[in-house]
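Some notes on the structure that comes next.
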Amino acid sequence: MAILLAPMEGLLDFALRDVLTRVGGISHCVSEFIRITDTVLPERAFKRIVPELHHGSRTPAGVPVRSQLLGSDPACLADNAAKLATLDPAGIDLNFGCPAKVVNRHGGGAALLQEPELIHRIVHAVRQAVPAHIPVSAKMRLGFDDDAQAEDCAHAIASGGASELVVHARTKAHGYRPPAYWDRIADIREVVSIPVVANGEVWSVEDARRCMAESGCTDLMLGRGIVSDPGLALAILIDQGHAPAQQAPEWVDLQPLLWHFWSLILTRIEPRARHGRMKQWLHYLRRRYPQAEDAYLALRTINDSRVMEAWMREHLATPPAHPAATLMAA
């Protein structure tokens, strides 16, 4: 059983990939998207979004990270994929699911689900441009306004040469509103021969069981669920008999990870955004940890990083003497 860490623009970046893969249970990650327009990007542009490319395309815990590209021009995507391939990524993923209006307005992300033939040309062009040893995968939603072309889009991706398909079981119109339509993933599995990974609304072990039962998938991709509960991947593996039983991380176990996350933010995030990133993660963690609710309420009006850190030093276990942010500082 494989559990993947989802790409989520503005949330699941290098810092949370680092932290969450330290907890365990993640097979590989997919980065947030690298936007491709009409030029071939320089190396630094790829490494800015995926700093793991400095370190063998792996997180400090050793988990592979695939780099995701977003765009709508097959030739330009192929040229950029070829450039990215020279950096030896763990894989190249293609985004056919982003619901953001600004992305869709320019014909990218989920907007492409209205054009299965264009999807096929994109995947085929990228696959042809990338050495055979580098996996090319894709992530899609069920559709744009509706799911009428879901099977056509999935077939286009598979016939284009992708080796794996992640399906977020909602349309663009659904956004992130529950429920996720896991049964439609089962329909997609019937028309493709490549591995299909189920994604969407898996917040707990019970959700994972139902998702696997309804979708027929043995592999899952986790997003907001594992941000809220960092032990979720391990808990699912344990439940399915793929990992030895162990205690789920408690709040005390999470505190070193909070400090590590903070050290990464201080290293790589601009000062005006630092406090927001910590509050964002605490907002998700309060779904699982009552103590995170207390921390979030205490810090939600704080917009000064120094004040935030002073609160952390008073209320969390003492941080390590040398914050472990050096690997991602390259």
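Could you list all residues from the stretch 192-211 that are at negative phi and surrounded by 20 or more Cβ atoms within 10 Å (Cβ to Cβ)?
The answer is Val196, Val197, Ala198, Asn199, Val202, Ala208, Cys211.
Answer yes or no: is there a residue in the stretch 172-184 that is within 21 Å of the chain's Cα centre (by Cα), closer than 16 Å to Arg141 by Cα and among the acidic types (Asp, Glu).
Looking for residues that are within 21 Å of the chain's Cα centre (by Cα), closer than 16 Å to Arg141 by Cα and among the acidic types (Asp, Glu), one finds none in the stretch 172-184, hence no.
Of all the residues that make up the stretch 258-283, how many are among the hydroxyl-bearing types (Ser, Thr, Tyr) and in contact with a Leu (Cβ under 8 Å, 6 or more places away or on another chain)? Don't jump to the end; show me each part of the working.
The first filter runs over the stretch 258-283 and keeps only residues among the hydroxyl-bearing types (Ser, Thr, Tyr), leaving 263, 267.
Of the ones still in play, those that are also in contact with a Leu (Cβ under 8 Å, 6 or more places away or on another chain) are none.
Going through the stretch 258-283 one residue at a time, the tally reaches 0.
Being assigned to a loop (DSSP other than H, G, I, E, B) and surrounded by 21 or more Cβ atoms within 10 Å (Cβ to Cβ) is the filter here; which residues of the stretch 15-47 pass it?
Correct list: Gly25, Ile26, Ile36.
Could you list all residues from the stretch 278-330 that are modelled with pLDDT of 95 or more and of a type in the set (Lys, Arg)?
Within the stretch 278-330, Lys279, Arg286, Arg287, Arg288, Arg300 qualify.
I'm trying to understand the selection: among the residues of the stretch 236-257, which are part of a helix (DSSP H, G or I) and either touching a residue at least 40 places away in the same chain (Cβ under 8 Å) or among the hydroxyl-bearing types (Ser, Thr, Tyr) (or both)?
Ile236, Leu237, Trp251, Val252, Gln255, Pro256, Leu257, listed by residue number.
Report, by residue number, each residue of the stretch 295-320 that is over 26 Å from the mean Cα position of the chain (by Cα) and assigned to a loop (DSSP other than H, G, I, E, B).
Thr301, Ile302, Asn303, Asp304, Leu316, Ala317, Thr318, Pro319, Pro320
Have a look at Ile92, Ile119 and point out the one that is buried (at least 22 other Cβ atoms within 10 Å of the Cβ), over 20 Å from the mean Cα position of the chain (by Cα) and assigned by TED's automatic domain parsing to the domain that holds Val166.
On inspection, the qualifying residue turns out to be Ile119.
Got at least one residue in the stretch 207-227 being in a loop (DSSP other than H, G, I, E, B), more than 26 Å from Val136 (Cβ to Cβ) and touching a residue at least 60 places away in the same chain (Cβ under 8 Å)? Quick ask: steps written out before the conclusion?
First, pick out the residues of the stretch 207-227 that are in a loop (DSSP other than H, G, I, E, B): 216-219, 223.
Those left that are additionally more than 26 Å from Val136 (Cβ to Cβ): none.
Looking through the stretch 207-227, none of the residues is in a loop (DSSP other than H, G, I, E, B), more than 26 Å from Val136 (Cβ to Cβ) and touching a residue at least 60 places away in the same chain (Cβ under 8 Å).
Any residue at all in the stretch 59-75 that's under 12 Å from the mean Cα position of the chain (by Cα), surrounded by fewer than 18 Cβ atoms within 10 Å (Cβ to Cβ) and over 23 Å from Val196 (Cα atoms)?
The answer is no, given that none of the residues of the stretch 59-75 is under 12 Å from the mean Cα position of the chain (by Cα), surrounded by fewer than 18 Cβ atoms within 10 Å (Cβ to Cβ) and over 23 Å from Val196 (Cα atoms).
Conditions (1) out of contact with any strand residue (DSSP E or B) (no Cβ under 7 Å at 6 or more places or on another chain); (2) touching a residue at least 24 places away in the same chain (Cβ under 8 Å); (3) in the same structural domain as Pro135 (by TED's automatic domain parsing); (4) of a type in the set (A, V, I, L, M, F, W, C), marked per residue:
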| site | (1), (2), (3), (4) |
| --- | --- |
| Leu165 | no, yes, yes, yes |
| Lys172 | no, yes, yes, no |
| Arg177 | yes, no, yes, no |
| Tyr181 | yes, yes, yes, no |
| Ile188 | no, yes, yes, yes |
| Ala198 | no, yes, yes, yes |
| Leu232 | no, yes, yes, yes |
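A quick yes/no check of all residues on (1) of a type in the set (A, V, I, L, M, F, W, C); (2) closer than 11 Å to Leu113 by Cβ:
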position	(1), (2)
Asp146	no, yes
Asp152	no, yes
Ser163	no, no
Val192	yes, no
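Pick from Gly143, Gly160: which is at positive phi and of a type outside the set (S, T, N, Q)?
Of Gly143, Gly160, the one residue that is at positive phi and of a type outside the set (S, T, N, Q) is Gly143.
Are any residues in the stretch 269-294 assigned to a helix (DSSP H, G or I), surrounded by fewer than 17 Cβ atoms within 10 Å (Cβ to Cβ) and basic (Lys, Arg), and if so, which ones?
Across the stretch 269-294, the qualifying residue is only Arg272.
Scanning the stretch 212-260 for residues that are buried (at least 17 other Cβ atoms within 10 Å of the Cβ) and polar (S, T, N, Q), which turns out farthest from Asp18 (Cα to Cα)?
If we take residues in the stretch 212-260 being buried (at least 17 other Cβ atoms within 10 Å of the Cβ) and polar (S, T, N, Q), then Ser215 is farthest from Asp18 (Cα to Cα).
Pairs under 7 Å by beta carbon, first residue over 17 Å from Gly109 (Cα atoms) and in contact (Cβ under 8 Å) with a residue 60 or more places away in the chain in the stretch 54-83, partner in a helix (DSSP H, G or I) and of a type outside the set (S, T, N, Q), six or more apart or different chains?
Sorted first by the residue in the stretch 54-83, then by its partner, the pairs are His54/Lys47; His55/Leu327; Pro60/Asp18; Pro60/Leu327.
The values are calculated or read from the model by the stated rules, or taken from the named source; none is laboratory data. Nothing here was measured: the structure is a model prediction, and the numbers come from that model. No Cβ is skipped: glycine too gets one built from the backbone with ideal geometry, and neighbour counts run over all protein chains shown.
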